[in-house]
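The block underneath contains the structure these notes are about, expressed in structure tokens.
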Amino acid sequence: MDTATKKSVKLSGVIVVTIFAMLASGPKSFATTKGLSQIVTPDLQPKGDLSLSFQIQDKRIANPYQLQAELGLTDWGEVAVFRGFQPDEWIFGTEIGLLRKEPYLLSIGFVNWSPHLDIDPQPFIEAGYYTEHHKVIAGAIHAGYKNEAILGYAYDFNERWRLQVDFQSGSENSSTIGFTCNVTPDFQFNPALYVNNGPKHDLFGYIVFTYTFHVWSKGWPPRSIGR
């Protein structure tokens, strides 16, 4: 990396460490999932919960090193921002829950908006059917000039372990299989294997580590890994 990039990475690291230090004394929360391995999901970040993530992935998937912050602003809306380092970029997303009466969920929003790289937001709509163990997701996303299908399924064995698969159509996208583990109620990790939809079906690696802080809402009841 050049000098400017190294300074940017160092500054971003300092910012994240500072946020952790400021919030570490706050009340505990139960961990949340960051969607599935590839697709966004219709369940929302609980109001007042802030999740900080560090994501490492094959550069053919996306930016190989990313930080993410996801915040539940209300009972029906959340925002997220990614900080990528190779290339240097900021990526924004948001989600609004139109139907939030489990087992039925319906959400709209956009992801992957990068003004710095002049990349337009990708709007999506998706529905979910969530039970204690089974989570089924289906929807569509508009990426660039085309519409793509998004599908996902997760099985929650218990509050610690989840098996998950997902798919997004398009030759540049993938099918994935992975799992999520809640190491503690607040800390989780999610490794996955990506299988590219292209003719060669190349394999890519991915892992994300997440810590969730319960910032301002009170008495949020314990919930499972799938919220």
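Solvent-accessible area of the stretch 81-124 (1.4 angstrom probe, protein heavy atoms only): carbon and sulfur portion equals 63 percent. Placing R0 at 25 angstrom, the Cβ-Cβ distance between Lys101 and Leu73 gives a FRET efficiency of 0.80 after rounding to 0.05. Compared with the alpha-carbon gap, the fully stretched path from Ile56 to Trp216 is longer by 54.7 nm at 0.36 nm per residue. Highest average first, the peptides 162-175, 128-141 ordered by how many other beta carbon atoms sit within 10 Å of their residues are 162-175, 128-141.
The values are calculated or read from the model by the stated rules, or taken from the named source; none is laboratory data. As the structure is a prediction and not an experimental result, all values here were calculated from the model. Quick reminder, even Gly has a Cβ in these numbers, built from the backbone with ideal geometry, and neighbours come from all protein chains shown. Each accessible area value is taken on the protein alone, full model and side chains, heavy atoms only, with ligands, DNA and RNA left out. Shrake-Rupley method; radii C 1.70, N 1.55, O 1.52, S 1.80 Å.
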